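Input: one structure, supplied below.
No lab work stands behind these numbers, since they all come straight from the coordinates. Remember, it's a predicted structure, so these values are computed and weren't measured experimentally. Positions of Cβ are generated from backbone atoms using ideal geometry, with glycine treated the same way; all protein chains shown enter the neighbour counts.
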Amino acid sequence: MTGEPRRVGVVGGGLAGITAALRLADAGCDVTLLESRARLGGLTHSFRRDGLWIDNGQHVFLRCCTAYQALLTRIGVRHLVALQPRLDVAVRAPGVQARLRRDDLPAPLHLARSVLRYPWLTSADRVRFAGAALALKKVDPLAPASDQQTFGDWLRTHGQGTAAIETLWDLIGVATLNAHADDASLALAATVFQLGLLTDRGASDIGFSTVPLQQLHGDAATRALELAGAAIRLRCKVTELGQVPDGWRVSTPDSSETFDDVVLAVPPAAAEALLPSDAVRLEPGWSQRLGSSPIVNLHVVVDRQVMHEPFVAGVRTPVQWVFDRTKHAGLTSGQCLAVSLSAADDLVDVPAAEMRQRFLPVLADLLPGLNSVTVQQFLVTRERHATFRPAPGSASLRPASATAYPGLLLAGAWTDTGWPATMEGAVRSGDAAALALLNDPAPRTREVAA
């Protein structure tokens, strides 16, 4: 008698599902990955428009995002990302320029020189910033009380005024949390700042893709999974999940298949709809209470170069971050700029024509050369449910990888990873689900005749 490999169905082909599927295939499981879309990559994908590659959003990572970088290595594309040798961000407001740059002092002193020169803070603001940074380092992100308080309230309690919150704390927080300080859980904000800025001086160095995200994630993962022996089924939407005596039946509109184990790596609402009602220890409607936050991106193609940095951050302007995506888009002349607008509840339904009218003038305030060029294309992409909403109380609505049912696991940046909804959080969730399945003390292997 010999044991067959465990048959595992992974539902969802984003970074969480890709990670879980690869981990399990590498461990010898018979893996089938089911994805409803026509390609892998989930919320990190690209599409072609008028001969150019357009990323659906501008996704960056930090040096501290070790799990994500390990995934890039595993799928063979680590050489297709750039990582700053040290944090260096051009920060602009209309008529004012500065840099947020680290030096070689230990954290958090590595940012002291930049903060001392930061033009939007008074001398008193700079002193109070240092005190708040040291206090934030001591916040326990796992404490329930931390999750019940807003980051904005905590900052004001620790002497941070409007200028410091808007031009420094939110500069980082909005991009990483997809929420302003007044809307974000202190627990998640403390995680971001402790890991990224307050512990290791190199942790916040910024990395970004040098190729379209589809090439970096979806296409590379497809090749890696196929080489690992996993089956991939695209345009395959799972509509029902049910427990059967020998495992789990996964149904699509056209067929059904039984697996020993299942990893659900889909958005929260889809997960709640598919899960047995008692699979997680949360009251029904938990996914709706967890909620979501949108991100809007503006893609502006001009006939000449107007920005000479890989990216620029904006303060005291509606423009948050601007990225040069010329090479990635495949543009041979001119420049392709991508404007990333996080926490975009007030913008997600604004028509493209109005977005153009509203944002081109304020973008020109940061990039004066924009006034003298021809705008050849202006495209708006919207992710209405880009991340879970990181509001106070969200920690109690993020389920663990393991469910109440053996052999049924969850993955996704919205699960209880301890991280906000980032690429790192998604990969960590896939790792956690795969390890929980592999460490099951009583795996359901089927015996067949030798």
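Once you have the Cα-Cα distance between Glu257 and Ala273, take 0.36 nm times their residue separation minus that, and quote the gain in nm to one decimal. Spell out each step's value before the answer.
Numbers: separation 16, 0.36 × 16 = 5.76 nm, distance 1.85 nm.
Contour length minus the Cα-Cα distance gives 3.9 nm.
Using a cut-off of 13 Å between beta-carbons, work out the net charge of the residues near Gly207 (Lys and Arg +1, Asp and Glu -1, Gly207 not included).
Values: positive: Arg63, Arg78, Arg86; negative: Asp88, Asp205, Glu424.
Within the 13 Å Cβ shell, the charges total 0.
Place a +1 charge on the Cβ of each Lys and Arg in the range 88-198 and a -1 charge on the Cβ of each Asp and Glu, then give the dipole magnitude about the Cα centre in debye, rounded to the nearest 20. Walk me through the intermediate numbers first.
Details: 11 positive and 11 negative charges, 100 e Å.
The dipole of the range 88-198 has a size of about 480 debye.
Find how many whole Å separate the alpha carbon centroid of the range 309-367 from the alpha carbon centroid of the range 110-144.
Rounded to whole Å, the Cα centres lie 28 Å apart.
Using 1/(1 + (r/R0)^6) with R0 = 56 angstrom and r between the beta carbons of Gln357 and Asp246, what's the FRET efficiency to the nearest 0.05? Intermediate results must be reported in sequence, preceding the final value.
Details: r = 60 Å, r/R0 = 1.07.
For Gln357 and Asp246, the calculated efficiency is 0.40.
Students often check this: by mean Cβ neighbours within 10 Å, which of 76-82, 213-219 ranks highest, and how do the rest follow? It would help to have the intermediate numbers written out before the result.
Working: 76-82: 14.3, 213-219: 22.9.
Result, highest mean Cβ count within 10 Å first: 213-219, 76-82.
Would you work out which of Thr66, Pro85, Leu40 lies farthest towards the positive end of the dipole of the range 1-110? Charges go on Cβ: Lys and Arg +1, Asp and Glu -1.
Farthest along the dipole direction, towards plus: Pro85.
What is the extension gain from Gln376 to Asp416, computed as 0.36 nm multiplied by their sequence separation minus the C-alpha to C-alpha distance, in nm to one decimal?
10.0 nm
Take the alpha-carbon centre of the range 45-99, take the same for the range 185-226, and report the distance between them in whole Å.
8
Same structure again: May I ask for the net charge around Ala70, where only other residues with Cβ less than 14 Å from the Cβ of Ala70 are counted and Lys, Arg are +1 while Asp, Glu are -1?
Working: positive: Arg23, Arg63, Arg74, Arg78, Arg428; negative: Asp26, Glu424, Asp431.
Residues near Ala70 contribute +2 overall.
Got a sec? Charge dipole of the chain, +1 on Cβ for Lys and Arg, -1 for Asp and Glu; which of Val373, Gly28, Leu337 is way out at the positive end?
Checked the options; the winner is Val373.
Sorting check: for 15-28, 181-194, which peptide has the highest mean count of neighbouring beta carbons within 10 Å, and how do the rest follow? Spell out each step's value before the answer.
On the way: 15-28: 26.3, 181-194: 23.7.
Listed from highest to lowest mean packing, they are 15-28, 181-194.
Which one, Gly202, Ala231, Ala433, projects farthest toward the positive side of the charge dipole computed for the chain from Cβ point charges (K/R +1, D/E -1)?
So the residue furthest toward the plus end is Gly202.
To the nearest 20 Debye, how big is the dipole of the chain about its Cα centre, given +1 on the beta carbon of each Lys and Arg and -1 on that of each Asp and Glu? Numbers along the way, then the final one.
Numbers: 43 positive and 44 negative charges, 226 e Å.
Charge dipole, the chain, about its Cα centre: 1080 debye, nearest 20.
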